[in-house]
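Notes for the one structure printed next.
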Ligand code: RB5
């Protein structure tokens, strides 16, 4: 069950994630969340970095606090997203990790693999991710250390 104070989400996918993305968008909109979709818009073959870059730019610009990226494995999307300053992308295939990555890593992008997990689990992962909030404290220090590395 989705009980989050997140009001707006950016979402993106490649051809491998397109069908699951539609289910996630339906779930989010049914729960009153404003969704901005950066594509792709079909199952025609495309390149996942295009959509990961577009989504990360919007989050960096402050258009929404977080995003969801879906490809076949979720790996390409997470690798690409984590190249961006201020983006903390977490590839999740279980609800425990999805909750903890928000609480401990302050993840702002959830990545999922549509060829790895089914839609039921994917929606539970989305809920776990969005329902959780960052705990701060000692985790703040670690995230600062992580971000500093980008500036060297
Ligand atoms: C596309 O075939 C596939 O490589 C892509 O969706 C993703 O799994 C890459 O990481």
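For the reader, a short list of remarks on this structure follows.
- In this structure, residue 10 qualifies as under 17 Å from residue 102 (Cβ atoms), crowded, with 18+ Cβ neighbours inside 10 Å and touching a strand residue (DSSP E or B) at 6+ places or on another chain (Cβ under 7 Å).
- Considering residues of the stretch 52-75 that are crowded, with 21+ Cβ neighbours inside 10 Å and within 18 Å of residue 113 (Cβ to Cβ) only, the residue farthest from the ligand (Cβ to nearest atom): 67
- Residue, nearest to residue 62 (Cα to Cα), within the stretch 122-147, restricted to residues that are more than 16 Å from the ligand (Cβ to nearest atom) and touching a strand residue (DSSP E or B) at 6+ places or on another chain (Cβ under 9 Å): 130
- Selection within the stretch 62-82 - within 24 Å of residue 148 (Cα to Cα) and in contact (Cβ under 8 Å) with a residue 12 or more places away in the chain: 63, 64, 65, 66, 67, 75, 76, 77, 78, 80, 81
- Residues in the stretch 127-152 that are in a helix (DSSP H, G or I) and touching a helix residue (DSSP H, G or I) at 6+ places or on another chain (Cβ under 6 Å): 2 in all.
- Taking the numbered list (1) under 19 Å from residue 116 (Cβ atoms); (2) under 15 Å from the mean Cα position of the chain (by Cα) in turn, residue 19 passes all entries but (2).
- Tally, over the stretch 91-121, of residues that are more than 14 Å from residue 24 (Cβ to Cβ), within 16 Å of the ligand (Cβ to nearest atom) and surrounded by fewer than 22 Cβ atoms within 10 Å (Cβ to Cβ): 3
- Restricting attention to the stretch 77-88 and to residues that are within 10 Å of the ligand (Cβ to nearest atom) and crowded, with 20+ Cβ neighbours inside 10 Å, the residue that is farthest from residue 125 (Cα to Cα) turns out to be 80.
- Any hit, the stretch 25-39, residues being in contact (Cβ under 8 Å) with a residue 12 or more places away in the chain, within 15 Å of the ligand (Cβ to nearest atom) and touching a helix residue (DSSP H, G or I) at 6+ places or on another chain (Cβ under 8 Å): yes
Here, each number is a calculation from the coordinates, and none is a lab measurement. None of the values given here were measured: they were computed from a predicted structure. Positions of Cβ are backbone-derived with ideal geometry, glycine not excepted, and every protein chain shown enters the neighbour counts.
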